[in-house]
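Heads up: the structure comes next, in structure tokens.
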Amino acid sequence: MKQIGHFVDGERIKGDGDHYKDIFDPNTGEVQAQVVMATPAELDAAVKSAEKAQKDWAQVNPQKRSRVLFAYKQLVEANMDDLAAMLSSEHGKVLADSRGDVMRGIDVIEFACGIPHGQKGEHTYGAGPEIDVYSLRKPLGVVAGITPFNFPAMIPMWMFGMAIATGNACILKPSEKDPSVPMRLAELFVEAGGPVGLLQCINGDKVIVDAICDHPTIKAVSFVGSSDIAQYVYARATANGKRAQCMGGAKNHGIIMPDANMDQAAKDILGAAYGSAGERCMALPVVVPVGEGTAEKFLEAFMPKLEAMTVGTSNDAEADYGPVVTQAHKESIEANIDKAIKEGATLLKDGRGFTLQGYEDGFFVGPTLLDDVTPDMETYHDEIFGPVLQIVRAKNFEEALALPSEHQYGNGVAIFTQNGRVAREFADRVEVGMVGINVPIPVPVAYHSFGGWKRSAFGDANQYGMEGLRFYTKVKTVTQRWPKGETEDSAFIIPRF
Ligand code: NAD
């Protein structure tokens, strides 16, 4: 059986731990590898060598740091096909989605290449008589990134891209469900000329997450995953005096106004609800048709598209989406569908018990559509994280606006309308961090930044963009005065001709 250890000091190591987790092929349901869980002592050794590497890296000028990142970006691009295949084989998303996963990570590396400009700091000349003030953004030292299973390329790159560009070393703790791509990304960093020890990849579970939160050398923790764990990591890391940004779960709504271009909205919502089997924190699992007759118009445009969807293996180029990540996750999604029906939802399309010929043990869930969902149902409040779309009908704009605003999660939201004034008011008033106007998945581009509100994010710094740069740096402000003519030397400093 293939075993995956850790990436430390520029090498793959076996690991000393005696506890393993299975990595599945979600297409067949078979175990394809095992990942070894690190011990706190192994984490400590990796942190020590990261600390050493960081001291030298912090002295490297920003242009040279940027050159390493440029070389890295090119190498990741050159390895795109291999990375995408590796990603699909452990995660189950189709190859086109895996390529997108890698590409969105590269976008952040590309932004990080602009670090000589981004980290310039600020300067005030003549803040007082002969007084100048300047502010520097210094790296924190060793930082850690803890990532979820659903974007094993993009989310690690969000974190270590910005951390390394700003002069830090990074300990990456990937999801134990699909660690191969993060391991390869760390290896490629060294192959691209990145200093050995600056990016370490330590695999593990709660034991290592706790050890990261408690480690005195680690100065900041960036976490992405489910909300309860995000809140726990935030509390534990900050209690130990660390900076923390902890992104959590989501339940994003798509509001359909009566004047929406219904065909386009239906197409967009189909991809956003079911793409990647709904395992995206920016998926749209709730749709809110507004006003009399809008739900019917939406369903008329939507149902033929839904019926034409194909579910296949992760390497089937024709498939819209592939299997979900584990059997346990498949069972949890199906249990949520059972529960929604018990709560009174109307099942318009049932994805339970879906099997694919030749892949009967794969973790497949068919596309599911539930109508007449209401805000008092638990399955409306909970994140299902599968190919399940719920329809919640709203009488008017105010009722539709209240749904995402009052929901426990506040990651993303989209409104479909042709009325600019309505869209503008919605974007202004909705209590959600990322808003799309006729854009179903409003993930901000790499030079803005990513972050939700409410239980979708704990901490006050977003991921990547200038927010990311600020998260990984601390400000030092120097106020200096060089008075004229007070010392003998002044004649020498300002030569008279
Ligand atoms: P998860 O919370 O199970 O795991 C995330 C990380 O936490 C993993 O590295 C895991 O090893 C670790 N972990 C798991 N249990 C732990 C525990 N008890 N104590 C300490 N650490 C623990 O999340 P997941 O299932 O891998 O990912 C899916 C979740 O991530 C969904 O809720 C999704 O919405 C969320 N997500 C959020 C964003 C965002 O930016 N808001 C992005 C992607 C995914």
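Looking across the stretch 230-255, just one residue is touching a Phe, Trp or Tyr at 6+ places or on another chain (Cβ under 6 Å), within 8 Å of the ligand (Cβ to nearest atom) and more than 30 Å from Gly271 (Cα to Cα), and that is Val233. Of the residues examined, Val365 is not one that is away from the ligand (no atom under 16 Å from the Cβ) and either assigned by TED's automatic domain parsing to the domain that holds Pro26 or crowded, with 21+ Cβ neighbours inside 10 Å (or both). Looking across the stretch 169-191, the residues that are crowded, with 24+ Cβ neighbours inside 10 Å and part of a loop (DSSP other than H, G, I, E, B) come down to Pro174, Ser175, Asp178, Pro179.
If the condition is being assigned to a helix (DSSP H, G or I), among the β-branched types (Val, Ile, Thr) and buried (at least 23 other Cβ atoms within 10 Å of the Cβ), then the stretch 77-119 contributes Val102, Val108, Ile109. Scanning the stretch 413-455 for residues that are under 18 Å from Met154 (Cα atoms) and among the small types (Gly, Ala, Ser) returns Ala446, Ser449, Gly451, Gly452. Among residues of the stretch 403-422 being within 26 Å of the chain's Cα centre (by Cα) and part of a helix (DSSP H, G or I), the one that is nearest to the ligand (Cβ to nearest atom) is Pro404. Here Ile23 meets each of (1) outside any loop (DSSP other than H, G, I, E, B); (2) among the hydrophobic types (A, V, I, L, M, F, W, C); (3) over 20 Å from Glu187 (Cβ atoms) with one exception, condition (3). Only one of the listed residues (Ser276, Ser227, Ser222) is within 16 Å of the ligand (Cβ to nearest atom), outside the structural domain of Leu389 (by TED's automatic domain parsing) and closer than 30 Å to Asn27 by Cα. That residue is Ser227. Scanning the stretch 283-326 for residues that are open to solvent by 10 Å² or more (accessible area, probe 1.4 Å), over 14 Å from Asn27 (Cβ atoms) and within 16 Å of the ligand (Cβ to nearest atom) yields one hit, Pro285.
The values are calculated or read from the model by the stated rules, or taken from the named source; none is laboratory data. Just so it is clear, the structure is predicted and the values come from calculations on it, not from any experiment. All Cβ positions, even for glycine, are placed from backbone atoms using ideal geometry, and neighbour counts span all protein chains on display. These accessible areas exclude ligands, DNA and RNA; they are computed on the full protein's heavy atoms, side chains included. Shrake-Rupley method; radii C 1.70, N 1.55, O 1.52, S 1.80 Å.
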